[in-house]
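See structure below.
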There are 2 protein chains.
Amino acid sequence: MKKSILTTLFLGLLATQTSFAQEPLMIAKQGSFAVGGTVKTSEGSYTPIPAEISDKTSASFWDAYGASVKAGGMSLHGDHASVFYQVPANAKSPPLVFLHGYGGSIRTWQTTPDGREGFDTLFLRKGYPIYLVDQPRSGSAGKSTEKAEITATPDEQFWYAQFRIGVYPNFNQGVQFPQDKASYEQFFRSMTPATGAFNVGVITDSMAKLFEKTGDGVFVTHSAGGVIGWTTAMASDKVKGIVAIEAGNFPFPESEVPQALTSKFGDVSPISVSFEQFKNSRKSQSSSTSATLSPMN
Amino acid sequence: MKKSILTTLFLGLLATQTSFAQEPLMIAKQGSFAVGGTVKTSEGSYTPIPAEISDKTSASFWDAYGASVKAGGMSLHGDHASVFYQVPANAKSPPLVFLHGYGGSIRTWQTTPDGREGFDTLFLRKGYPIYLVDQPRSGSAGKSTEKAEITATPDEQFWYAQFRIGVYPNFNQGVQFPQDKASYEQFFRSMTPATGAFNVGVITDSMAKLFEKTGDGVFVTHSAGGVIGWTTAMASDKVKGIVAIEAGNFPFPESEVPQALTSKFGDVSPISVSFEQFKNSRKSQSSSTSATLSPMN
């Protein structure tokens, strides 16, 4: 499959670079910002000193907070993505946007569990601007407009298998995951729970707006983030290439949708899109020299 | 009050630097890691293929996940801090550790709401290694060992007053907060909800372990993070100075605890510690030339 070959080449190229890249990074600009999102407003009218506490001279802080929430008329900015970017000196084109998968965050692209440089730094060394994303309702973009529960459920052995590390406590044959205890711990401490439901429309909207800021760029997606790569390419003409690593799903034109893949560990139903949408995503990519990076071509 | 004067000087020094600092940053090393935390384990024994799904050939992914959770015997690594660090070329001593306050994360120290460079980049330009913290149960360190609810409550006007920006929609006289709509939006989108209860012991433990990694350093804390500055200095001899910006509370030796401050917006009870603890925190700081930075001296 073309995707697998390209992914392997991509990772192989990185591996050859790490050993002799010890000179300092030259960073022209770095910082963070929020992009996308919406505003939710509560009923009522904002009351700086709610009646419930106005006569008090002593109170618990959270009672004062509660009185203010009860009076209402307040806002919540949520469902945005949070982006950390670094632009190297003498930057090359295109910029690279990195989106994590399930349980991920910006951390996915930083230091590896065994302490080697992450994709962020490797690509900065190659001269590309990098944009690391916490998708809406994840990491530092945790403000969701919808309620959610953090269940604190022990489930790491399940993900260990799901992420194809092995069947705990064993490792799959040939797996490159580091096999020491410290790396195992760092890996599971690099995961972080979502603070709201995974919403393709919300995330896609924030990513399309991010590409308006970056201009023509390449979208590097991981796992569950793979879906957002395809949907963003359909929504924005600025996505000039996609590198999908272990993408969780793929879109097909509605007339050519294959059967669902079935498994006791979860069926996967292909994403059906109109032929027009599918064609649009191809068009935006084929207008760029980066088009060969995209497994959609 | 000594603290206010030092804080003002500190901010004033930064302000004079920003306008002519346009050369690229030289970064010798950057990356992220988790530090501190604990492991929670569920009862039962881990079953790679739970009986509930073993005979199925088709299933929903989350049903398979649920069956695995029900079989139990799995782990959750949680309650760690997540740290992003950058070490400039020809780094000076001491390293600076930055801890956010309520609703904060690493984002607190990055780009300002109106797009200027954050404390992280300003201090890198001055040659200091910087360590930005997502405290346990915040930001990308969201894995908590305790359940929590994300309430998605509109409450920003309350925080607008609490953070002394003004009484919404007005601004306090002389406030330096930018008064345009885009900055307001960026500010409230830089906040992120905690994914578990604020636990002084858990956070202090992770910060003491972080200072074991950084070695002797200065702890820069904001707002609710202020408390953790004092408790970490009492727990670790590596905290050689504290810069507390708008610290939410202060410790006193048990024989000298002043009365609580009372207010309809929440009383503040001083933190009482043993004289030995209080003395220890002073000792660790006075052994360093950075001691003058600490409002505890």
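The values are calculated or read from the model by the stated rules, or taken from the named source; none is laboratory data. As the structure is a computational prediction, the values presented were derived from the model and not from experiment. Cβ: placed from backbone, ideal geometry, glycine included. Neighbour counts: every protein chain shown. Note: areas computed on protein heavy atoms with side chains; ligands, DNA, RNA excluded. Shrake-Rupley method; radii C 1.70, N 1.55, O 1.52, S 1.80 Å.
Values computed for the structure shown
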| item | result |
| --- | --- |
| Check: the protein assembly as shown dipole with +1 on Lys, Arg Cβ and -1 on Asp, Glu Cβ, in debye | 1340 |
| Antiparallel bridge percentage (DSSP; both residues within the protein assembly as shown; nearest 5) | 60 |
| Hits among aspartates and glutamates - C-alpha to C-alpha of A:K147 under 15 Å, sequence gap 8 or more where chains match | A:D79, B:E149, B:D155 |
| Entries in A:K92/A:K209; A:K240/B:K181; A:K240/B:K29; A:K240/B:K143; B:K40/B:K264 that, when Cα-Cα distance is taken, lie over 28 Å | A:K240/B:K181; A:K240/B:K29; A:K240/B:K143; B:K40/B:K264 |
| Among B:Q135, B:Q186, B:Q86, residue whose mean-square fluctuation peaks in a GNM of chain B (springs only between Cα atoms under 10 Å) | B:Q186 |
| Label point distance in nm, A:A89-A:D267, each placed 7 Å from Cα along Cα→Cβ | 5.8 |
| For the protein assembly as shown: span of alpha carbons on each principal axis (Å, largest first) | 75, 51, 48 |
| Copies compared at B:E246 - label distances in nm, ascending, label defined 7 Å from Cα in the Cβ direction | 3.9 |
| Relative contact order of chain B, defined on C-alpha pairs under 8 angstrom at six or more residues apart (%) | 17 |
| Chain lengthening between A:K213 and A:A197 when straightened (0.36 nm per residue, less Cα-Cα) | 3.2 nm |
| Computed lengthening from B:S255 to B:R116, 0.36 nm per intervening residue step minus Cα-Cα distance | 45.6 nm |
| Kirkwood-Stokes translational diffusion coefficient of chain B, alpha-carbon pairs, 37 °C, 0.692 mPa s, µm²/s | 154 |
| Shielding score for B:261-270, defined as the mean number of other chain Cβ atoms within 10 Å | 5 |
| Among B:F84, B:F158, B:F252: highest mean-square fluctuation, GNM of chain B, C-alpha pairs under 10 Å | B:F158 |
| For B:104-114, mean number of other protein chain Cβ atoms within 10 Å | 4 |
| In Hz, Karplus ³J(HN,Hα) per residue of region B:238-251 (6.51, -1.76, 1.60; θ = phi - 60°; x = Gly, Pro) | 8, 7, 9, x, 10, 10, 9, 9, 6, 4, x, 6, 9, x |
| Shortest-first distances to equivalent copies, position A:N90, nm, label 7 Å out along Cβ | 2.0 |
| Other protein chain Cβ atoms within 10 Å, averaged over every residue that makes up B:128-134 | 1 |
| Portion, in percent, of the accessible area of region B:94-137 that falls on carbon or sulfur, probe 1.4 Å | 53 |
| DSSP H segments from chain B that extend 18 Å or more along their own axis, Cα-based, with Kyte-Doolittle mean of 0.5 or above | B:2-18 |
| Among B:F158, B:A141, B:P129 - extreme Cα towards positive end, dipole of the protein assembly as shown, charges at beta-carbon | B:P129 |
| Label geometry 7 Å along the beta-carbon vector: B:Q173 inter-copy distances in nm | 7.9 |
| Three-way shape label, region A:90-239, alpha-carbon gyration tensor, a/c 1.5 | oblate |
